[in-house]
Amino acid sequence: MLRVEGIHKSFEDFKAVSGSDLTVEAGQLVAVIGPNGAGKTTLFNLITGQLKADRGEIIFNDEDISKLPPYEICRKGIARSFQIANIFPRLTVFRNVQVSVLSQQRKSVKFFRPARMLAVKETREILENVGLAEKADAIAGSLAHGDQRTLEIAIALGNKPELLVLDEPTAGMSPEETGATMELIRRLADSQGLTILFCEHDMEVVFNVAQSIMVMHQGISIIQGGPDEVRNSARVQECYLGGA
Amino acid sequence: MESGYTITFAALGSQFLVGLSRAMILFIVSSGMSLVLGVLRVPNVAHGSLYMIGAFAAFSISSLFGGGSTGFWLALVFAPLVVALISFVAERSLFRHLYEREHLMLLLFTFALMLILGDLVKMFWGADYRSIMAPEMFQGAVPIFGSPFPKYNLFLLGVGPLVAVLLWLFITKTKIGKISRAAAVDMEMVGAIGINVSWVFAFAFVLGCLLAGLGGALVSPTVSITLGMDHDIIMEAFLIVAIGGLGNMWGALVGSLIFGLTQSFGVLFWPQFAIVFPYAAVVIVLTWRPKGILKSVW
Amino acid sequence: MIKREKMTRKFSILGLVLLGCLLTVSLILLPGSAQARNIKVGVIDCYSGPAAVYGIDALNGFKLALSEINKKGVLGKKIEWTKRDTKFKVDLALNMAKELVMREDVDVIVGTINSGAAMAVSEAIAKKEKVPFITWISKSERITGEKGHRYVFSAGENTAMAGKAGGVALSKKPYVKYWIAGDDYEYGHAIANAAWRNLKAKKPDVKLIGESWWKPGEPDLTPYITAILAAKPDAVIFCTGGRSMTNIMKAVKATGMAKKIPIWIHTATDHAVLKPLGAGAPEGVMGTMDYHFYYPDIKANRDFVKKFRAAYGQAPGFPAFHGYITAYFIAEAYKKAGSVDKEKFVDALEGMKIASPVGEIEMRVCDHQVVLPMYLGVTKKAVGKNFVMSTDIVTLTGDQVMPTCDEIKKARGK
Amino acid sequence: MRVLSKDFFNLRSLGPIIALLVVLVILPSIIPRFYIYILAVIFMTALLAMSLNMVVGHGGLFQFHHGAFYGVGAYTAALMLTKTSLPMWLGFVAGPFMAAFVGLLIGMFCVRLTKLYFGMLQISLGSLVWAIAFRWYSFTGGDDGIHGIPLPSLISSTKGAYYFGLILLILCVTVIYLIFKSPFGATLQAIRDNPERCEAIGINVRRHQLIAIVIATFFAGVAGVLFVVVEGSVFPDLLFWVFSLELFIMCLLGGWFTFAGPILGAAIMISLRTFVGIYTEYWTLILGIILILLIFFLPEGVWGYLLEKFGFQRKKLLEKEPDP
């Protein structure tokens, strides 16, 4: 479904990503792991178009998307969440998700229909799915951190993506919250048949959930394979587990 | 128009120098604005008013000492300090309570400050035109490239780089300077390492305003000191920091040079359209580089 | 924390209440229709920003005259005045003038240095509401020229007069290659056009080799001067006013331009410009002026200056003179009209002649423009004083510098 | 009509609005003429501030030179009325469309930029438009402007202008409200809060912003036409950046995250400068002091405060700053 080949990105003198490969098959739950500064977030930003690659290819459903702006990529079927809570703080929780659903239904540039009558059913469904239905009328900026992260995922779900890209969905969460979030992710993958690509630095979490794991180190992808394969890889032990 | 003259190389040289000396004043004023923009992240609309106060204070101080050379030098030292004091009072008494607020509230505050200072200047100094004379040694002109070049502008050509160097030393060598530079890049980090952010803000604000006052004092021998000076300079300063890169001190220098030189060469080649030069320069620069010429923190 | 919030709320309620009170009070305070009311003059002018110096001076002249007039009274009444600050903005001038007419119910409006505002008030209020409007220091020739009408008068000089004075004066000089430079707004262009038109008519071989126009209030004019010097014209006409005037004088002095090239600037000999410059003003600049406190040296002027100094502690500038004569025009017109009636006032003011500090002056019937002489002089350091003043003054009489009534008719016919 | 159904309007809040409208309709027969005129000026300024707030408060754009579009609308109408013999209404229609067209041109340059850069580029481009009005004497009348624009007395008399302004204001505010509540408006507010996130959910942010600018400038043009009707004059001050800054302040003052705030902000600014100006020439000083009091005590603007105070809105409008 998604294939990243030999992608490079540098900021001035700093090589953030220098030759990374990644493959995501439909229906898979794929994790990218690596220490801080390994280039995970940069890689994700390249995939979803926030950053433009210096060279390399990003093929999604047999189409090169590496030159497209983020909103085009989203319309191709890739939705994402961000590492820091990236929501619409002054809007209600309901509206946060609704805006995304409206965008997916290509109704963003409608003028003379009241927004509150549109996309209501879909939005409610998503909110119930992620467990935020009770807080639908709260102002998003006033939510607790964990809820904001969940809302992030809900916004991404509003796009009805084929591929959901989650950038450290559990960053800054307590262990309980982390557990709940990972549970949510697994449930989404199972129940809706979503393909999910996420990154994480908590090893335990990843090995329990992911079907395929890619390991990054200093901007380079070292290996991609099943949990066992990765766990037993000497190179991974050397530059990641050993170092950590 | 029956055109009957040619532009000589000497004329180009002399326009270059005149433009350069204009750029120096612009740099001093806009570097102050840039500092406030970088650290406090707020466009200080009252910056022009402080520039005006600098000029009026220079007039008062200079006439207090008889208006001669001594008066001028004392004015150059004390007028910026008067401005710094005013801004310090405004910052500590009112402005600092707003740092936690929505950012545009800071803009609204500086706007209110501009309204208040404008009227206070009128109350205090009246509406008459004021003027101070350059000290004896800088009066008159010297011939450069065959045309007369005012000596005072030569003095400005010296002062500008001096201020630039002092600012550079200050910001790279002193502790508070380093902190404020770091604050311009990442305020949270500065707060996290246990530095009182509020005082960093106060420092940057006062230093920025002091530069405005210095600009006002320096410009006073070449213009009439009058109400409305604030409006004249403020938009120019804004545009300069925008094209140079918001919050970047050297951007202010680059922007000032662009402004000063477009102006002086513009009036040589298209003297009828001087009124649009600054705006046209901004449109061209920002279309070419949407985030200003130098790296910006915005 | 809670306490502070309470405080904040208290204060905010207080603030709102105060704001509400302010608005209500100002709404309720409708002007009482005084029985046997006085004659009311509404003054709109600029009392903020760079032009305030002129607005305040004009008002001082006006007040001085009223204090003299009110000693005896007019038609058994006094002349009252109330002023509004336009901040040099046309929309505010319109607001304020309408307020004066509709709310204060004034009998006459006077004022404004801002020509744009004067024209807006002339068209939108004087003409429409049929209220006499006398401009005292706005200098656009269009006010009483092509845009003139029954209810607008000018007690000041205008750009046509100034330009003609300059053109006539320069035509007697041997210069051929000219450069024109000035403030890039109506006033500058109007003077330039009038001066050039008259100069070219009197002396067809003159050549204009270039023009420069700067933003009004441009602080540093040195680049313009050096650029002009590079073009080497025989003479330069600067068309500038207000604070740019001071700036240009400083730049002229700093570059030593006056010693190299002859310069004519209207109002270069204005004391409001020369006084702050002190001894730093350039010498040898030709200038025209409609009033000097030291010229004409006749008793009427000396008396006026003496009274003005006694009242305000400084010599009157040209705006004070215009404010002063405006008040006398108003008083005399009401005396002649015999009642406080707007139409009769207009009829009375047409062709009115009054004595003034510069001798007898007349409000011309055909265009409602006051006939004033112009004084051409050269700046020179005054003996025993620390400022520069106009010397070698030549008086150009009103009919020499004013457009003829036929020309006015032609302009209005368009 | 589905559009005007209760989907859009909260029936409970319609009551006070209708009461207010009734008062506004009968007011001119009770109050003196000057107050009718000032109310007409307030209507016009309120409409202008509303249109600005569409992009500032709802769109999060630093629209620093809104006055330019207002001026373009006013000048277009004025020039068509004085220089051509085309029917009057054509000039009135052309004003807003011309303003929107200039808005589109300037907007295309500006939306590539963000925040203050956006504002600075707009000021520069707008000032070029100002320079045209200021310099082109033969066409625009230069800095003197155009005065005494001929208008039928049905709309140019004080009362006529009042009702004309009131009708336009009601119409435009209704349309702006519909847009505010529409998916377009919702998306625009989302862009204000977080443009980056919007890109990531498939919204073409720049195009959306550009559309918003065009709509807002169209309404600025309507306000410009209204200015011609109320004052019978146009002059370059309208396009100068100082006026635009004042407009911006009106939005902040009234409450820029609220819908009706700018109306209140405009009313306060106009009343202050008119009625305080009667008593003192230092009214800008007083305005400044009042602004500071408001900043300290009514941080969400006057309307925002009223909303909160009287419980129309249960939650604080603003809990936290958006991430930069």
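Values quoted throughout were computed directly from the atomic coordinates according to the rules given, and no laboratory measurement underlies them. In this text, all values refer to a predicted model and were calculated from it rather than measured experimentally. Cβ coordinates were reconstructed from backbone atoms using ideal geometry, including for glycine residues, and neighbour counts include every protein chain displayed.
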Discussion item. Taking the beta-carbon count within 10 Å as an exposure proxy, list B:TRP125, C:TRP264 from fewest neighbours to most.
Written reply: B:TRP125, C:TRP264
Discussion item. Given points 7 Å out from each Cα along the Cα-Cβ axis, report the B:ALA192 to C:ASP399 separation in nanometres with one decimal.
Written reply: 8.8 nm
Item to complete: Work out the charge dipole of region D:2-240 with +1 on the Cβ of Lys and Arg and -1 on the Cβ of Asp and Glu about the Cα centre, then indicate which of D:TYR177, D:THR84, D:ILE213 is farthest towards its positive end.
Response: D:TYR177
Worksheet item: Can you tell which of B:VAL219, B:VAL29, B:VAL121 shows the greatest fluctuation in a Gaussian network model of chain B with Cα springs below 10 Å?
Response: B:VAL121
Worksheet entry | Mean Cα-pair separation over length for chain B, i.e. relative contact order, pairs under 8 Å, 6 or more apart, % | 37 percent
Discussion item. Please list, by residue number, everything in region C:359-393 whose backbone N is under 14 Å from a paramagnetic label point 7 Å out along Cα→Cβ of C:LYS259.
Written reply: none
Response to the item:
Rounded to the nearest Å, the spacing of the alpha-carbon centers of region C:220-295 and region C:96-124 is 33 Å
Worksheet item: Between region B:73-99 and region C:66-86, what is the C-alpha centre distance in whole Å?
Response: 44 Å
Item to complete: Past 29 Å, Cα to Cα, is the threshold; run C:LYS139/C:LYS173; C:LYS139/C:LYS353; C:LYS215/C:LYS410; C:LYS139/D:LYS159; C:LYS250/D:LYS115; C:LYS63/C:LYS127 against it and keep the listed order.
Response: C:LYS215/C:LYS410; C:LYS139/D:LYS159; C:LYS250/D:LYS115
Worksheet item: When the Karplus curve 6.51 cos²θ - 1.76 cosθ + 1.60 is applied with θ = phi - 60°, which whole-Hz ³J(HN,Hα) does each residue of region C:208-216 get, with x for Gly and Pro?
Response: 9, 8, x, 9, 10, 10, 10, 4, x
Worksheet entry | Cα long-axis angle, helix C:299-312 against chain C (0 to 90 degrees, to the nearest 10) | 50 degrees
Discussion item. My understanding is that a pair violates if its Cα-Cα distance is over 24 Å; which of C:LYS164/C:LYS409; C:LYS40/C:LYS299; C:LYS72/C:LYS307 do that in this structure?
Written reply: C:LYS40/C:LYS299
Discussion item. I need D:VAL56, B:VAL165 ordered by Cβ neighbour count within 10 Å, fewest first.
Written reply: B:VAL165, D:VAL56
Practice prompt. May I ask for the angle, rounded to the nearest 10°, between helix A:175-192 and the longest principal axis of chain A, with both axes built from Cα atoms and the value confined to 0 to 90°?
Written response: 80 degrees
Worksheet item: Cα gyration tensor of region D:2-240, axes a ≥ b ≥ c as square roots of the eigenvalues: rounded (a/c below 1.5), prolate (a/b > b/c) or oblate?
Response: oblate
Fill in: Virtual spin-label span in nm between D:SER153 and C:LYS353, 7 Å along Cα→Cβ
4.0 nm
Worksheet entry | Distance from region C:318-332 to region B:200-257 (C-alpha centre basis), Å | 42 Å
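If R0 is 41 Å, what FRET efficiency do you get for A:SER191 and A:ARG55 from their C-beta distance, rounded to 0.05?
So the FRET efficiency works out to roughly 0.60.
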Fill in: A:ASP13 versus C:VAL371: modelled label distance in nm, points set 7 Å from Cα along the beta carbon direction
8.4 nm
Response to the item:
Scoring only Lys, Arg, Asp and Glu (+1, +1, -1, -1) among other residues with Cβ under 12 Å from the Cβ of D:ARG206 yields +1
Response to the item:
Counting only residues 5 or more apart in sequence or on a different chain, those whose built amide H sits under 5 Å from that of C:TRP81 are C:VAL41
Worksheet item: Taking R0 as 51 Å, what's the FRET efficiency between B:GLN139 and C:LYS77 from their Cβ-Cβ distance, rounded to 0.05?
Response: 0.35
Practice prompt. Starting from the amide H of C:LYS177, placed 1.01 Å from N in the peptide plane, find each other amide H under 5 Å away whose residue is 5 or more places distant or on another chain.
Written response: C:LYS207, C:ASP234, C:ALA235
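What does the charge add up to near B:LEU286, with Lys and Arg as +1, Asp and Glu as -1, over the other residues with Cβ less than 13 Å from its Cβ?
Taking every Cβ under 13 Å from that of B:LEU286, the sum is +4.
Peptide C:270-277: average number of partner chain Cβ atoms within 10 Å per residue?
3
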Worksheet item: What shape does region C:319-414 take by its C-alpha gyration tensor, where a ≥ b ≥ c are the square roots of the eigenvalues and a/c under 1.5 counts as rounded, a/b above b/c as prolate, and the rest as oblate?
Response: oblate
Item to complete: Could you run the Karplus curve 6.51 cos²θ - 1.76 cosθ + 1.60 with θ = phi - 60° over region D:44-60 and give me ³J(HN,Hα) per residue in whole Hz, x for Gly and Pro?
Response: 4, 5, 5, 4, 5, 5, 4, 5, 5, 5, 3, 9, 7, x, 8, x, x
Worksheet, complete the sentence: Rounded to a whole number, the mean other protein chain Cβ count within 10 angstrom for residues of C:125-132 is 1
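Per residue of B:218-224, what is the mean number of Cβ atoms on other protein chains within 10 angstrom of that residue's Cβ?
Counting other chains' Cβ atoms within 10 Å and averaging over B:218-224 gives 6.
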Discussion item. Suppose R0 equals 45 Å. What FRET efficiency, 1/(1 + (r/R0)^6) with r the Cβ-Cβ distance, do C:ASP297 and D:LEU171 give to the nearest 0.05?
Written reply: 0.10
Worksheet, complete the sentence: Residues whose built amide H sits under 5 Å from the amide H of A:ALA16, excluding neighbours closer than 5 in sequence, are A:LYS9, A:SER10, A:PHE11
Worksheet entry | Ranked list, fewest to most other Cβ atoms within 10 Å of each Cβ, for B:THR226, C:THR112, A:THR42, B:THR8 | B:THR8, A:THR42, B:THR226, C:THR112
Discussion item. As a test of the formula, what do you get for the protein assembly as shown when each DSSP H run with n ≥ 4 contributes -39,500 (n - 2.57) and the sum is divided by the residue count, at 222 nm and rounded to the nearest 500 deg cm²/dmol?
Written reply: -17500 deg cm²/dmol
Worksheet item: Helix hunt in chain B: which complete DSSP H runs extend at least 20 Å axially by C-alpha with mean Kyte-Doolittle at least -0.5?
Response: B:9-39, B:47-64, B:69-93, B:103-125, B:151-173, B:197-219, B:229-244, B:249-269
Worksheet item: In region D:73-156, what trypsin sites (Lys or Arg not before Pro) fall in a loop by DSSP, with at most 16 other Cβ atoms inside 10 Å?
Response: D:ARG112
Discussion item. Quick one: 3J(HN,Hα) in Hz for region D:285-301, Karplus 6.51/-1.76/1.60 with θ = phi - 60°, rounded, Gly and Pro as x.
Written reply: 4, 5, 4, x, 5, 4, 4, 5, 4, 5, 4, 6, 9, 10, x, 9, x
Worksheet item: Measuring from a point 7 Å past the Cα of A:ARG124 along Cα-to-C-beta, which residues in region A:77-108 have an amide N at less than 15 Å?
Response: A:94-95, A:98
